[in-house]
Every structure is written in C-alpha cells, then in structure tokens.
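These notes are about the structure you will find just below.
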Amino acid sequence: MTAPIETTGSQAEAQPEAVLAGVESKKIEGRSLGQIAWTRFKRDKVAVAGGIVVVLLVVVAALSRPLQAMLGLDPNAFHQDLIDPNTSLPKGDFGGMSWDHPLGVEPKFGRDILARILEGSWVSLVVAFGATLLSVAIGTVMGLVAGYYGGRVDTVVSRLMDTFLAFPLLLFAIAISATLQGGAFGLEGLPLHISVLIFVIGFFNWPYMGRIVRGQTLALREREFVDASRGMGAGGPYILFKELLPNLVAPIIVYSTLLIPTNIIFEASLSFLGVGIQPPQASWGGMLNQAVDFFEVDPQYMIVPGLAIFITVLAFNLLGDGLRDALDPRSR
C-alpha cells in the first residue's frame with residue numbers, strides 16, 4: 001500500500017497556475033444590451049434577409065428619381081406605338097416586356113411599369129414612415145402619461161383610446177380625403193394628398209402604440225430606479241422622459257417596424273379606392289385600381305404592383321419579428 005503523497009504549501013499555492021499553464025489567456029469583456037441584441041438578431045437568417053430587403057427598398061425609394069434618369073425612364077411618358085389600337089393592350093407577350101421595358105407597359109397608355117413602380121415606391125414609404133412617426137409620437141406621450149400618473153388621468157386617456165379604436169377609420173379617411181382634394185392649408189396637388197394621408201392614418205392609429213406604452217409604463221413605474229428618482233426630488237416630466245422612456249425604446253422600435261407595413265397597405269387601399277394619391281402621380285394602389293379592368297387579358301399589370309406591395313409588407317414583418325425576438329430577453 002503506497003503512502004499518500006504530501007504536497008508542500010508552495011506546491012499547493014502553485015497548483016492553480018499549473019492548471020492554467022496551458023490555457024491561453026484572453027481578456028474578458030462585457031457586452032452591452034445592444035451587442036447582445038445584435039448577436040441574437042444575426043442568428044435569425046430570415047429576419048436578416050427581411051432587413052436587407054427593407055434597406056434595399058428604402059435606398060431604391062430614396063433614389064427613385066435618379067434611377068429613373070439613369071435608366072432613361074419616365075413614369076408619365078406615353079408609348080402609344082407599343083399599344084395595339086384594336087385591343088388597347090400592349091404588343092408582345094407578358095404585357096409588352098422587352099429590354100427597354102423590363103416589366104412591360106400598362107394597357108391603353110403604354111406607360112412604363114418599372115418607372116411607375118419606382119415612382120410609387122417613395123410615395124408609399126413616405127406616407128408609411130410619416131404616419132408611423134406621428135402615431136408613435138402621440139401614442140408614446142399619451143401612454144407614458146396614462147401609465148405613470150394613473151387614476152383619473154389613466155381613465156380619461158384609456159377612454160379616449162377606446163373611442164379612437166371604435167372610430168370608423170376607413171370611412172372617415174375616405175370622407176376627409178375626398179373633401180380636401182382641391183386644396184387646403186396652403187397646399188394642393190401631391191403635397192396635399194401626402195399630408196392628408198399621413199395625418200389621417202397616423203392620427204387615428206396612435207391608440208395601438210399608446211396601449212403598448214401604457215402597459216409597459218405600469219410595470220416600470222414601481223421599479224427601484226423610479227423610486228430613487230422620486231426620492232431625489234425629480235419631477236414627473238423628468239421621470240417620464242429621462243427614466244421611463246429610455247427603457248421603452250425596444251418595444252417602441254419593434255411595434256413601429258410592424259406598424260409600417262400596415263400603413264403601407266392602408267395607403268394602397270385608399271389609393272385603390274380613388275381617394276388617396278391621385279393620377280397622374282404613380283402609386284401602387286392606384287396601379288392596382290387601373291389594373292382591375294385588364295386583369296383577365298393582361299394580368300402582368302396587376303401582378304407587378306401586387307408583388308411590390310407583398311414583398312415590401314413581408315420584408316417589414318420579417319424584420320419586425322426578428323427585432324422582437326432579439327430585443328426580448330425572455331425569448332430563446
């Protein structure tokens with residue numbers, strides 16, 4: 001039977017170093033919440049693909065006019081030589097697709113579909129982003145005030161949200177858009193139509209954001225950092241916008257990303273009904289409206305703007321779902 005090997009004090013103290021002798025030393029760095037969220041987002045390949053498509057769409061919309069000039073396209077130029085005078089349909093197969101007109105031309109007038117898709121892209125995104133910013137601004141302020149102060153303030157704001165949610169938005173949008181077609185507030189034409197759509201869509205959709213912010217504020221107002229701010233004498237506005245609002249950035253960003261595609265569909269619906277963007281200005285909803293009379297004999301004219309709306313809405317939804325999973329610490 002062998003005797004146990006005794007270790008001296010110096011050998012015992014040196015043992016951890018001996019264990020770590022073959023381990024390469026690396027500097028351990030902490031990661032911020034933004035870095036953690038970015039790492040989680042990158043793992044979702046579908047969301048990344050949606051984000052790439054969204055970036056491309058925004059770039060194309062921002063550069064739509066230069067792209068049209070570079071490609072020699074004019075969304076309002078008629079090409080009657082490409083239209084069959086007997087049927088008012090484009091000459092050739094697939095809606096008159098050719099090297100000069102990759103997506104074909106529209107029936108009756110022969111305007112280039114690619115040029116009108118590019119022209120309509122910035123209109124849809126401007127209306128969607130503008131309406132979303134308006135909804136987020138109003139909803140965030142109202143939700144913060146209702147959730148933090150509670151009591152009668154919460155009751156009044158909550159009933160106001162219920163009233164707006166019960167309001168027949170589509171009918172009101174049709175009525176006000178039709179009323180202001182001529183001119184108002186010193187605006188006319190396209191600027192007036194865009195401003196009216198942004199106001200109608202954004203102003204009447206803020207309760208959705210308001211409810212989300214109110215619910216989050218109710219949970220945050222009892223946290224220790226809020227009590228500490230109150231104890232140090234901070235007033236209500238300071239706590240609302242310096243303490244609570246920074247902690248609500250994540251849900252606001254996520255819901256804003258999901259609200260944009262809804263606003264795109266709403267704008268397209270109003271233009272489809274003839275009370276949104278007015279001709280000759282190109283819009284995706286207006287193109288669908290004009291394609292109704294030709295979809296049986298020239299489906300190309302309906303498929304292209306329909307795909308443009310579908311791809312845009314799908315990309316924003318995928319991006320929003322990915323951001324929600326990345327910014328939610330409770331998700332896997």
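When only C-alpha pairs under 8 Å and at least 6 residues apart count, what is the relative contact order of the chain, in percent?
Numbers: 421 pairs, mean separation 76.4, N = 332.
Contact order relative to length: 23 percent.
If the elastic network links every pair of Cα atoms under 10 Å, which of Gly231, Gly139, Gly276 fluctuates the most in the Gaussian network model of the chain?
Comparing Gly231, Gly139, Gly276 in the GNM, the peak value goes to Gly231.
Taking the Cα-to-Cβ direction at Ser88 and at Leu63 and moving 7 Å from each Cα, how far apart do the two end points lie in nm?
It is 3.8 nm.
Using a Gaussian network model of the chain with C-alpha springs under 10 Å, which one of Gly215, Gly286, Gly130 is most mobile by mean-square fluctuation?
It is Gly215.
With the dipole of the range 222-307 worked out from charges on the C-beta (+1 for Lys and Arg, -1 for Asp and Glu) around the Cα centre, which of Gly231, Thr262, Ala250 lies farthest toward the positive end?
The Cα lying farthest towards the positive end belongs to Gly231.
Report, in order of residue number, the helices in the chain meeting two criteria: a C-alpha extent of 30 Å or more along the helix axis, and a mean Kyte-Doolittle hydropathy of at least 1.0; treat each whole DSSP H run as one helix. Numbers along the way, then the final one.
Details: long enough: 113-149 (53 Å, 1.56); 249-272 (34 Å, 1.51); 300-327 (40 Å, 1.23).
Within the chain the helices that satisfy the rule are 113-149, 249-272, 300-327.
In a shell of Cβ-Cβ distance under 12 Å around Asp298, excluding Asp298 itself, what net charge do Lys and Arg (+1) and Asp and Glu (-1) give? Can you show the working numbers first?
Working: positive: Lys91, Lys108; negative: Asp84, Asp93, Glu106, Asp293, Glu296.
Residues near Asp298 contribute -3 overall.
Output the peptides 152-163, 289-300 sorted from most to least packed, where packing is the average of other Cβ atoms within 10 Å over each peptide's residues.
Details: 152-163: 13.8, 289-300: 16.2.
The packing order, highest mean first, is 289-300, 152-163.
Comparing Gly233, Gly92, Gly104, which has the greatest mean-square fluctuation in the GNM of the chain with Cα pairs linked when under 10 Å apart?
Greatest mean-square fluctuation among the candidates belongs to Gly233.
Roughly how many whole Å is it from the C-alpha centroid of the range 101-170 to that of the range 265-304?
19
Skipping prolines and chain starts, which residues have an amide H placed within reach, meaning under 5 Å, of the one on Ile83, given they are 5 or more residues away or on another chain?
Lys91
How far, in nm, would the chain grow between Lys42 and Leu190 when pulled straight, counting 0.36 nm per residue and subtracting the alpha carbon separation? All intermediate terms of the calculation are to be shown ahead of the outcome.
Numbers: separation 148, 0.36 × 148 = 53.28 nm, distance 3.95 nm.
Contour length minus Cα-Cα distance gives 49.3 nm.
Based only on Cα atoms, what mean projected area does the convex hull of the chain have, in nm²?
Seen from a random direction, the Cα hull of the chain projects 31.9 nm² on average.
What share of Cα pairs, in percent, lie more than 23 angstrom apart in the range 194-290? Write out the running numbers ahead of the final one.
Details: 2170 of 4656 pairs.
Counting pairs separated by more than 23 Å, the tail of P(r) holds 47 percent.
When the dipole is taken about the Cα centre of the chain, and only Lys, Arg (+1) and Asp, Glu (-1) are charged at their Cβ, what size is it in debye, to the nearest 20?
Values: 23 positive and 28 negative charges, 191 e Å.
In debye, rounded to 20, the chain gives about 920.
Give me the net charge of Arg65's neighbourhood, meaning all other residues with Cβ under 15 Å from the Cβ of Arg65; Lys, Arg count +1, Asp, Glu -1. Spell out each step's value before the answer.
Working: positive: Arg116; negative: Asp74, Asp112, Glu119.
Result for the neighbourhood of Arg65: -2.
Expressed as a rounded percentage, what relative contact order does the range 210-332 have, with Cα pairs under 8 Å and six or more residues apart? Spell out each step's value before the answer.
Values: 93 pairs, mean separation 28.3, N = 123.
Value for the range 210-332: 23 percent.
When only C-alpha pairs under 8 Å and at least 6 residues apart count, what is the relative contact order of the range 154-285, in percent?
Numbers: 78 pairs, mean separation 35.8, N = 132.
Once divided by the residue count of the range 154-285, the mean separation gives 27 percent.
Read-outs throughout are calculated quantities, based only on the coordinates presented, and are distinct from any laboratory measurement. For clarity, every value in this text was computed on a predicted model and none was experimentally measured. Neighbour counts are summed over all protein chains in view; Cβ atoms, including those assigned to glycine, are modelled from backbone coordinates with ideal geometry.
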